[in-house]
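Colleague: Please see the structure below; I have some questions.
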Ligand code: C2E
Ligand code: MG
Ligand code: MG
Ligand code: MG
């Protein structure tokens, strides 16, 4: 067996490795088929600002006939590695823009922004700006209602190229959020150069904000930093009224989380927007 063969032997046919590789290849093949077969769907999680629903974050959902529901944490990384994220990401952009274009009639829905998560690999593609513009033009969606969520890591590879792409899209009205803020490697020097609208406090800091003084200090600092840079600061993963009140008291008035709602299928999201508005009066 492999042990007896010694540690210097190259084990091309290690059955465990082979199984991992086969499982990955199968996952990728299933994603490819699933994309063509319409197994992917966008769910929408409300973003609340000063008591009203201001927008939605589009979150990808995959329902495979045999695998069942597969969460993004189990397929996004593989899609990144294989490059399939390019097609998947394009579909997400187009679908979110189609939805945005449909939310033009009813007064409550016509005010909403839609945020789309962009993967690093997708953002780094030379044709990314054109892809976004095409999704907007193809659907007739208003660029000013589209937000793109980027993460810190992806901004560091090619800072000038990143800023250039962001500035181009900003020129059309597209807004940018920095997702999972505080978990990456942001340098404050870059932060001030990026044409951002919004910082999202990672849910890892929100979770224990009431019990862990360090998390509380970090959350307050992100709010102060964002606010002084003229950015909107959004808290992710708000699950309790006490967390919401803490954030509010510390100057963070925009949040997402299970306290109001998990991500929902389109129809249920639309119903929630109506109910929530009715409950506000
Ligand atoms: P993210 O963009 O930071 O999204 C927030 C995640 O937190 C979502 O998980 C959401 O369902 C979850 N969440 C929201 N409120 C709460 C809460 O109150 N408590 C807790 N515990 N969780 C909450 P989800 O949908 O599983 O997505 C996970 C990650 O997968 C996303 O993190 C994003 O990085 C990635 N992702 C999802 N959809 C897409 C997509 O269309 N494209 C790309 N590139 N990545 C995506
Ligand atoms: Mg996000
Ligand atoms: Mg996040
Ligand atoms: Mg997160």
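Colleague: Looking only at the range 194-205, count how many residues are touching a helix residue (DSSP H, G or I) at 6+ places or on another chain (Cβ under 6 Å) and more than 12 Å from ligand 4 (Cβ to nearest atom).
Modeller: Within the range 194-205, the subset touching a helix residue (DSSP H, G or I) at 6+ places or on another chain (Cβ under 6 Å) is 195, 199, 201, 205.
Those left that are additionally more than 12 Å from ligand 4 (Cβ to nearest atom): 195, 199.
Residues flagged as touching a helix residue (DSSP H, G or I) at 6+ places or on another chain (Cβ under 6 Å) and more than 12 Å from ligand 4 (Cβ to nearest atom) within the range 194-205 amount to 2.
A quick yes/no check of all residues on (1) part of a helix (DSSP H, G or I); (2) buried (at least 18 other Cβ atoms within 10 Å of the Cβ); (3) touching a helix residue (DSSP H, G or I) at 6+ places or on another chain (Cβ under 7 Å); (4) without any contact (Cβ under 8 Å) to a residue 24 or more places away in the chain:
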{"site": "129", "(1), (2), (3), (4)": "yes, yes, yes, no"}
{"site": "160", "(1), (2), (3), (4)": "yes, no, no, yes"}
{"site": "164", "(1), (2), (3), (4)": "yes, no, no, yes"}
{"site": "170", "(1), (2), (3), (4)": "yes, no, no, no"}
{"site": "178", "(1), (2), (3), (4)": "no, yes, no, no"}
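Colleague: Moving to a separate point now. What residue, among those in the range 185-203 that are within 17 Å of the chain's Cα centre (by Cα) and away from ligand 2 (no atom under 13 Å from the Cβ), is farthest from residue 48 (Cα to Cα)?
Modeller: Of all residues in the range 185-203, those within 17 Å of the chain's Cα centre (by Cα) come to 196-203.
Filter once more, so that each one left must be away from ligand 2 (no atom under 13 Å from the Cβ): 196-197.
On the way: 196: 19, 197: 16 Å.
Residue satisfying both the conditions and the ranking: 196.
Colleague: Taking the condition part of a strand (DSSP E or B) and under 14 Å from the mean Cα position of the chain (by Cα), does residue 55 pass? I'd like the intermediate steps shown before the answer.
Modeller: Values: part of a strand (DSSP E or B): yes; under 14 Å from the mean Cα position of the chain (by Cα): yes.
It is true that residue 55 is part of a strand (DSSP E or B) and under 14 Å from the mean Cα position of the chain (by Cα).
Colleague: With the condition kept exactly as written, say whether any residue in the range 134-147 is within 16 Å of ligand 2 (Cβ to nearest atom), buried (at least 21 other Cβ atoms within 10 Å of the Cβ) and not in a helix (DSSP H, G or I).
Modeller: First, pick out the residues of the range 134-147 that are within 16 Å of ligand 2 (Cβ to nearest atom): 146-147.
From what is left, the residues that are buried (at least 21 other Cβ atoms within 10 Å of the Cβ) are 146-147.
Then drop every residue that is not not in a helix (DSSP H, G or I), which leaves 146-147.
Yes, the range 134-147 contains a residue that is within 16 Å of ligand 2 (Cβ to nearest atom), buried (at least 21 other Cβ atoms within 10 Å of the Cβ) and not in a helix (DSSP H, G or I).
Colleague: Taking into account only those residues within the range 66-93 that are in contact with a helix residue (DSSP H, G or I) (Cβ under 9 Å, 6 or more places away or on another chain) and not in a helix (DSSP H, G or I), which is farthest from ligand 2 (Cβ to nearest atom)?
Modeller: Among those that are in contact with a helix residue (DSSP H, G or I) (Cβ under 9 Å, 6 or more places away or on another chain) and not in a helix (DSSP H, G or I), it is 66.
Colleague: Across the range 23-49, what is the total count of residues that are in contact with a strand residue (DSSP E or B) (Cβ under 7 Å, 6 or more places away or on another chain) and in a helix (DSSP H, G or I)?
Modeller: Count: 2.
Colleague: Moving on to the next point. Can you give me the ranges of the helices (runs of 4 or more DSSP H) entirely in the range 183-281 with at least 3 residues that are touching a residue at least 60 places away in the same chain (Cβ under 8 Å)? Before you say what the answer is, go through the steps one by one.
Modeller: Values: elements: 188-193, 203-206, 213-228, 241-249, 266-280.
Helices (runs of 4 or more DSSP H) meeting the threshold: 266-280.
Colleague: Among the residues in the range 36-45, are any touching a helix residue (DSSP H, G or I) at 6+ places or on another chain (Cβ under 7 Å), buried (at least 19 other Cβ atoms within 10 Å of the Cβ) and touching a residue at least 60 places away in the same chain (Cβ under 8 Å)?
Modeller: Yes, because at least one residue in the range 36-45 is touching a helix residue (DSSP H, G or I) at 6+ places or on another chain (Cβ under 7 Å), buried (at least 19 other Cβ atoms within 10 Å of the Cβ) and touching a residue at least 60 places away in the same chain (Cβ under 8 Å).
Colleague: Here are 79, 115: which of them is at pLDDT 95 or above, surrounded by 17 or more Cβ atoms within 10 Å (Cβ to Cβ) and over 14 Å from the mean Cα position of the chain (by Cα)?
Modeller: Working: 115 fails: over 14 Å from the mean Cα position of the chain (by Cα).
Going through 79, 115 in turn, just one is at pLDDT 95 or above, surrounded by 17 or more Cβ atoms within 10 Å (Cβ to Cβ) and over 14 Å from the mean Cα position of the chain (by Cα): 79.
Colleague: In the range 181-214, which residues are surrounded by 19 or more Cβ atoms within 10 Å (Cβ to Cβ) and within 15 Å of ligand 1 (Cβ to nearest atom)?
Modeller: Once the filter is applied, which keeps residues that are surrounded by 19 or more Cβ atoms within 10 Å (Cβ to Cβ) and within 15 Å of ligand 1 (Cβ to nearest atom), the range 181-214 yields 181, 182, 198, 199, 200, 201, 202, 205, 206, 209.
Colleague: Tell me, please, whether a residue that is within 16 Å of ligand 1 (Cβ to nearest atom) and at pLDDT below 95 can be found in the range 129-149.
Modeller: no
The values are calculated or read from the model by the stated rules, or taken from the named source; none is laboratory data. Predicted model only: the values in this text are computed from it and were never measured. FYI the Cβ positions are ideal-geometry reconstructions off the backbone, even for glycines, and counts take in every protein chain you see.
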